[in-house]
Amino acid sequence: MLLEMKNIIKTYDRVIANKNVSIVLKKGEVLAIVGENGAGKSTLMKILYGLEKPNSGEIYINGEKMNFRNPSDAMKQGIGMVQQHFMLFGSMTVTENIIYNNEICKGIFLDKNANREKVCELSEHYMLKVDPDETVEDCSVGMQQRIEILKILYQNADIIIFDEPSSVLTPIEVEELLKTMRQLSKMGKSIILITHKLGEVMEVADRIVVMRAGKVVAEKKKEHTSIEELSYHMIGRQISSHVIEDINPGDEVLCVKNMSMVGQSGKKVLDNVNISVRGGEIVGIAGVSGNGQSELVKCITGLETNYRGKIWVCGNDVTNKGVEDIRKAGLAHIPEDRYYWGSAKDATLAENALMGDENSQRFSKRGLLNFREIRKHVLQLVENYSIKIGFLSQKMRELSGGNAQKLIVAREIEKKTRFLVACEPTRGIDVGAMEFIHEKLIEKRSNGDGILLISSELSEILKLSDRIYVIYEGRIEHEFSNKNVDDRQLGLLMVGGKST
């Protein structure tokens with residue numbers, strides 16, 4: 001056995017993250033570890049990679065007991081980790097990033113030709129094509145991930161941990177990633193895949209471990225299980241299927257007319273965009289990441305004011321207005337990046353739950369906060385949205401990704417506005433939390449409110465939307481009802497193809 005983790009226990013104050021967890025990994029195997037957010041998967045991998053110390057338990061590599069004090073110790077034993085947020089230097093070249101801290105030198109000088117040649121050999125050997133001279137900041141997200149993988153292979157890793165690797169990739173890049181994993185396993189590398197996307201698990205994994213509430217609750221070979229069974233083990237119940245009932249849409253809550261915007265490069269990132277959302281409908285924006293969705297959302301929500309065109313929110317002209325004015329007009333916003341735009345990681349859960357409402361009469365009087373009312377409000381959000389927390393003074397950064405997302409969703413939906421912009425509302429979260437958030441969005445729609453849904457997940461767009469706009473290179477290429485479209489057709493339109 002290449003790797004054994006035995007009876008791992010890890011606690012944080014009163015929270016048990018891992019409870020007697022044991023897993024094994026064979027040479028050349030792809031092992032998927034799945035579970036809800038907060039199930040303990042990431043904690044277990046942090047322990048394996050030397051980022052955390054367990055309270056008790058043992059780790060063995062090739063039968064030898066290990067004691068990892070830090071990631072450097074783990075890397076020396078052939079363990080590498082491709083994290084969600086890449087550890088690359090944008091201003092440096094591909095070669096410089098891959099060889100960083102392991103450079104080939106001639107005497108005291110860097111041997112640039114030898115380093116470049118080594119990267120080319122590595123790239124060719126593992127069939128991971130890169131341009132060794134390209135600057136990393138000019139590379140696509142998928143290419144940056146490939147550089148991360150090569151950097152780990154350059155360090156002679158035999159065990160490669162992938163932590164939610166497809167959460168930032170386009171569908172085509174996901175296919176390439178899964179192909180890479182299969183290639184690496186055939187070449188003798190062992191893969192541990194942490195993901196919420198069970199379709200990807202069933203495509204690439206040899207064996208699947210399911211965790212729930214810090215414990216291993218199931219272990220299955222791929223050929224002996226199904227997505228439905230894995231979902232059941234993950235959340236302890238069957239996943240329900242939603243059927244959105246037809247209702248008559250109400251008045252417009254969003255109207256965007258002739259919006260155009262030029263990016264920093266001088267190129268148009270939005271080109272004469274016209275969209276609308278009415279109360280009682282969910283309108284989806286489908287498109288491959290980087291085709292203007294982020295810029296469109298920033299303009300609508302007031303994060304960007306340098307554009308041409310007109311915007312009305314709930315009948316109010318908010319053209320070129322800032323965030324505060326647009327919020328007052330009746331907009332709530334679940335942002336694309338829950339940490340960068342949606343929360344303050346070092347603030348408490350209570351402070352994050354209150355964001356945007358600090359000056360409301362309910363929570364503040366004459367500049368003084370009503371802490372009793374704030375506590376009552378936050379506890380109600382936690383209960384109603386099934387958010388798993390330790391205590392209200394806990395820092396936002398200590399929440400799992402899914403629970404952080406549910407807190408932001410709860411905060412924005414409970415503002416009771418007539419219009420909600422939901423941008424990647426379920427990115428990087430597990431199937432249970434995803435189902436819950438979908439239920440809340442459908443509930444808001446059923447209450448007569450309008451929702452603009454931006455998602456890179458085709459299944460999410462198709463499942464929730466009444467109408468769909470397809471955006472490509474900053475233009476709205478198509479608009480249609482969601483009754484007669486399939487994911488193949490939608491995927492074709494998203495990459496500039498023609499409707500059939």
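Per-structure values
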quantity: Rel. contact order, % - alpha carbon contacts under 8 angstrom, at least six apart, the chain; calculated: 16 percent
quantity: Three-way shape label, the range 40-181, alpha-carbon gyration tensor, a/c 1.5; calculated: oblate
quantity: 12 Å Cα-Cα reach of LYS395 towards aspartates and glutamates, excluding residues that sit fewer than 8 places from it in its own chain; calculated: ASP346, GLU351
quantity: Coil-residue trypsin sites (Lys or Arg not before Pro) of the range 309-374, DSSP, other Cβ within 10 Å capped at 15; calculated: LYS345, ARG362, ARG366
quantity: Helix-only CD estimate at 222 nm, as mean residue ellipticity for the chain, using -39500 (n - 2.57) per DSSP H run (n ≥ 4); calculated: -9500 deg cm²/dmol
quantity: Projected label distance in nm at LYS328 and LYS53, using a 7 Å step from Cα toward the beta-carbon; calculated: 5.3 nm
quantity: 13 Å Cα-Cα reach of LYS483 towards aspartates and glutamates, excluding residues that sit fewer than 8 places from it in its own chain; calculated: GLU245, ASP246, ASP466
quantity: Charged-residue dipole, Cβ positions (Lys, Arg, Asp, Glu), the chain about Cα centre, Debye nearest 20; calculated: 1300 debye
quantity: Rounded to 10°, Cα long-axis angle of helix 371-384 versus longest principal axis of the chain; calculated: 70 degrees
quantity: Distance violations [Cα-Cα > 25 Å] among LYS10/LYS415; LYS129/LYS298; LYS365/LYS440; LYS151/LYS186; LYS376/LYS463; LYS129/LYS268; calculated: LYS10/LYS415; LYS129/LYS298; LYS365/LYS440; LYS376/LYS463; LYS129/LYS268
quantity: Cα-based radius of gyration of the range 69-138 once divided by 2.2 N^0.38 Å, which approximates compact folds; calculated: 1.20
quantity: DSSP-assigned coil residues among GluC sites (Glu not before Pro) in the range 246-354, each with at most 11 further Cβ atoms within 10 Å; calculated: none
quantity: Cβ-Cβ FRET estimate between SER393 and ALA213, R0 fixed at 25 Å, reported to 0.05; calculated: 0.65
quantity: FRET efficiency, GLU121 to LYS483 (Cβ-Cβ, R0 60 Å, nearest 0.05); calculated: 0.65
quantity: Cα-based helix-to-principal-axis angle, 112-125 vs the chain, degrees rounded to 10; calculated: 80 degrees
quantity: Proportion of all alpha-carbon pairs of the chain beyond 30 Å (%); calculated: 53 percent
quantity: Longest DSSP-loop-exposure-free segment, chymotrypsin sites (Phe, Trp or Tyr not before Pro), the chain, at most 13 other Cβ within 10 Å; calculated: 90-339
quantity: Rg/Rg_globular for the range 279-383, with Rg_globular taken as 2.2 N^0.38 Å and Rg from C-alpha atoms; calculated: 1.26
quantity: Separation in nanometres of the label points that stand 7 Å from Cα toward Cβ, at LYS376 and MET202; calculated: 4.7 nm
quantity: Share antiparallel - DSSP beta bridges, the chain, percent rounded to 5; calculated: 55 percent
quantity: Order of VAL82, VAL119, VAL24 - criterion: other Cβ atoms within 10 Å of each residue's Cβ, fewest first; calculated: VAL24, VAL82, VAL119
quantity: GLN84-ASN7 pseudo-label distance in nm [points 7 Å out on the Cα-to-Cβ vector]; calculated: 3.2 nm
quantity: Antiparallel %, DSSP beta bridges [both residues in the range 331-490], to 5; calculated: 50 percent
quantity: Helix 401-413 axis, angle to the chain major axis (alpha carbon atoms, nearest 10°); calculated: 0 degrees
quantity: Pairs from LYS257/LYS328; LYS46/LYS76; LYS19/LYS222; LYS26/LYS220; LYS53/LYS221 whose Cα-Cα separation, in the structure shown, is over 19 Å; calculated: LYS257/LYS328; LYS19/LYS222; LYS53/LYS221
quantity: Ranked VAL297, VAL217, VAL313, criterion: other C-beta atoms within 10 Å, fewest first; calculated: VAL217, VAL297, VAL313
quantity: Within the range 3-235, percent of DSSP bridges classed antiparallel, to nearest 5; calculated: 55 percent
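All of the numbers you see were taken from the coordinates with simple rules; none came from a lab. Here the structure is a predicted model, which means the values were calculated and not measured. So basically every Cβ, Gly included, is an ideal-geometry build from the backbone, and we count neighbours across all protein chains shown.
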